[in-house]
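Notes follow the structure.
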């Protein structure tokens, strides 16, 4: 049971809370400005913004309660959380349970009592980290050859299960799972040379695989699930379009979103951009408040918006680094670092896709983009980091108290007996060792 003793709030990470509060402020301002398309479809002017703020509040509640969870409890329930996430992702294949067919795929399921349709792949992100951290730390702390072999199998099964259940619906997310699994082994210090070789080999295989998909697309082969979308995005990214198509938004509807992003960024060139609420592209840019929210930030806030957004993610990473440096437990260090790096990785991918540095992925900007499942998932990830930070602070305070008590008991204690007022103080001195 999680004890929410409010007297322990002073042991929480105030730096992370300030950072999260700044994220909420940015998200509230930008979402209010960029949700014009949702307002057009909504019953009232404020209902889309209120809905978004409600979901942000739900994420805040998750963080608040997560920080009070004992690390040992989090570690014990991590395997169950991961496999429950995998099971719910498998339910996306089941007709009657899955809902919201978007571009030919089902990414959500209906859960009675849950305030929104559940998107399982959002929650696999951090439950995978928690589960793999247990396996990796157990591997580091055992010399038993047979046990190490079994742990390798568990690691492979968990990673493959996460990838194959998600890749039909969200290929970029599945690749992020793979990158996370490799990154966790790398930062733990295991098999550094083998990991580097594996990364190179995986990159070669990935390039060959993508080129094969593009070739099959050109050959007219119908690719299943989202593989056709992946092949199309990569193909459009690498080929050189003629000017009459490149600079014509209506020439290819599938590239219109990226072109609107470029126009939006160009409009915001300067120190302060067009100003808050004065975006020219928010009414036509698809998912302006979700996948492409960074383009709206640049358009309305210019370089100020860019620097503030990047500074928040850099501060978050720096804070995670401080927590890891002060941590006394390998498991807590690996989990905190992996969660922080995953958040930064998703933010980086979201930004560079908007800037047309890589093919579109549909990854939201953490803590800022509109999306209830994303808000809850990122709240769980940040709450995990805060849980570890609080545990580390509590342990350091306990050690300091022990050291201080030890120093006090090792010094002579001088007391005065006031029962007999006629005696001099010098006669009543009692020295206790």
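Among all residues of region 198-207, there is none that is modelled with pLDDT of 75 or more, assigned to a helix (DSSP H, G or I), surrounded by 14 or more Cβ atoms within 10 Å (Cβ to Cβ) and more than 26 Å from the chain's Cα centre (by Cα). Screening residue 265 with (1) closer than 18 Å to residue 349 by Cβ; (2) part of a loop (DSSP other than H, G, I, E, B); (3) modelled with pLDDT of 90 or more gives one miss only, at (2). Among residues of region 357-395 being assigned to a loop (DSSP other than H, G, I, E, B) and out of contact with any helix residue (DSSP H, G or I) (no Cβ under 6 Å at 6 or more places or on another chain), the one that is modelled with the lowest pLDDT is 362. Would you be able to say whether some residue in region 249-258 is closer than 30 Å to residue 30 by Cα, free of Cβ contacts under 8 Å to residues at least 24 places away in the same chain and not in a helix (DSSP H, G or I)? Looking through region 249-258, at least one residue is closer than 30 Å to residue 30 by Cα, free of Cβ contacts under 8 Å to residues at least 24 places away in the same chain and not in a helix (DSSP H, G or I). For residue 106, are the conditions met, namely being at pLDDT below 90, outside any loop (DSSP other than H, G, I, E, B) and touching a helix residue (DSSP H, G or I) at 6+ places or on another chain (Cβ under 7 Å)? Here the answer is yes, as residue 106 does meet what is asked. Go over the candidates 321, 302 one by one and state the one that is surrounded by fewer than 23 Cβ atoms within 10 Å (Cβ to Cβ), free of Cβ contacts under 8 Å to residues at least 24 places away in the same chain and in a helix (DSSP H, G or I). Exactly one residue qualifies, and that residue is 321. Just to be sure, is residue 355 surrounded by fewer than 22 Cβ atoms within 10 Å (Cβ to Cβ) and over 20 Å from the mean Cα position of the chain (by Cα)? Yes, satisfied.
This table checks each residue for (1) farther than 17 Å from residue 376 by Cα; (2) modelled with pLDDT of 90 or more; (3) not in a loop (DSSP other than H, G, I, E, B).
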residue	(1), (2), (3)
1	yes, no, no
9	yes, no, yes
21	no, yes, yes
29	yes, yes, yes
55	no, yes, yes
60	no, yes, yes
69	no, yes, no
80	yes, yes, yes
95	yes, no, no
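Please work out if residue 90 is at pLDDT 90 or above, crowded, with 16+ Cβ neighbours inside 10 Å, assigned to a helix (DSSP H, G or I) and touching a helix residue (DSSP H, G or I) at 6+ places or on another chain (Cβ under 9 Å). Criteria not met by residue 90. Across region 30-60, the qualifying residues are those that are closer than 21 Å to residue 125 by Cα and in contact with a helix residue (DSSP H, G or I) (Cβ under 8 Å, 6 or more places away or on another chain), and the one among them that is surrounded by the fewest Cβ atoms within 10 Å (Cβ to Cβ) is 58. All conditions but one from (1) under 18 Å from residue 338 (Cβ atoms); (2) out of contact with any strand residue (DSSP E or B) (no Cβ under 8 Å at 6 or more places or on another chain) apply to residue 121; the one that does not is (2).
None of 186, 139, 126 is more than 16 Å from the chain's Cα centre (by Cα), surrounded by 14 or more Cβ atoms within 10 Å (Cβ to Cβ), modelled with pLDDT of 90 or more and assigned to a helix (DSSP H, G or I) except 139.
The values are calculated or read from the model by the stated rules, or taken from the named source; none is laboratory data. For clarity, every value in this text was computed on a predicted model and none was experimentally measured. Glycine also receives a Cβ, built like all others from the backbone with ideal geometry; neighbour counts cover every protein chain displayed.
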